[in-house]
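Reviewing the structure listed below.
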């Protein structure tokens, strides 16, 4: 236990026979259960986990998927086990040893003390992030983090792809765990669900860990476009759920206006270039009215977008919990 709370760690694993033992052996003593969810591994992952559970650590619980369902589905299965067994805090640590166990207490603390319902690691807080994280991942992560801010409404949250997280039992009971996105976009999808449910989220600085023998099957270029489209759908789902069904706010109209006006302005700009440039076989006199209309559409569209974002930030400010201070709250004065 930690902070008088029962702590369970969910460990999704797929072909992690080389790394999973490091995760289990370095788990802090205050963890009450380690829930390994094997997502139909083709190597010796299950054998390694079962041997460790039998011979060394009874805290290990093994859940096996008969088919490969994705990392999101594995985390969802672990979450359901934690919820059904009434553990107070569920932490997610990957099975590839890319999450430093020394940071576990920092991840748990804001949730266990009731300051937030969900805490997530942020590897970008540290000065070593640029040197530690592979550059293509760094830029891809930054792009997805920016889009996730817009889609989720958690404007203070960065490093959206970091899976080192903790969630309260109360939040697990409020969420539909069967509807968790099954694949790599799970953290992005989950943040949107948390926002719709009204859960407070905090970023916690964690150490980036790479080049420890892990093997990644992620293709960044493909993932960025896949998750980008997912975030587009999640954004409008959140708009509909929060500002149409559950409540109403005119920010929805600002976003819709920007969605119409900005593309129209861009389209008109392209047409102006095409029909007034000799390169395209046209040399007609440029009409000032079209330029004014193009500028008006773009400026009004951008203003609408910024107003929508501003109102969205204000509507979600009560869910903002900024970087959690490691200092004991009782000593703050």
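Taking the 0 to 90 degree range and rounding to the nearest ten, how far is the long axis of helix 220-240 tilted relative to the main principal axis of the chain, both from C-alpha atoms? It is inclined by approximately 80 degrees.
The mean of 1/r over all pairs of different alpha-carbon atoms in region 1-137, once inverted, gives a Kirkwood hydrodynamic radius of 15.6 Å. The C-alpha atoms of the chain define a longest principal axis, and helix 186-197 lies at about 80 degrees to it. Calculated over region 141-182, the projected area of the Cα convex hull averaged across directions stands at 3.7 nm². Dividing the summed -39500 (n - 2.57) terms of all DSSP H runs of n ≥ 4 by the residue count of the chain sets its mean residue ellipticity at 222 nm at -15000 deg cm²/dmol.
Of the beta bridges in the chain, as assigned by DSSP with both residues counted there, near 30 percent are antiparallel. Applying Stokes-Einstein at 4 °C and 1.567 mPa s to the Kirkwood radius of region 249-315, computed over alpha-carbon pairs, gives a translational diffusion coefficient of 100 µm² s⁻¹.
For the chain, the longest principal axis of the Cα atoms and the long axis of helix 45-55 meet at an angle of about 30 degrees.
Going by neighbour counts of Cβ atoms within 10 Å, the residues 118, 184, 290 line up, fewest first, as 290, 184, 118. A P(r) calculated from all alpha carbon pairs of region 17-62, with 10 Å bins opening at zero, reads 27, 62, 11, 0 percent. Reported value for region 7-243: 115 Å³ per residue, from the convex hull of its C-alpha atoms.
Computed from the coordinates by the stated procedures, all read-outs in this text should not be read as laboratory data. Note that the structure is a prediction, hence the values are computed from the model and not measured. Backbone-built Cβ (ideal geometry, glycine too); neighbour counts: all protein chains shown.
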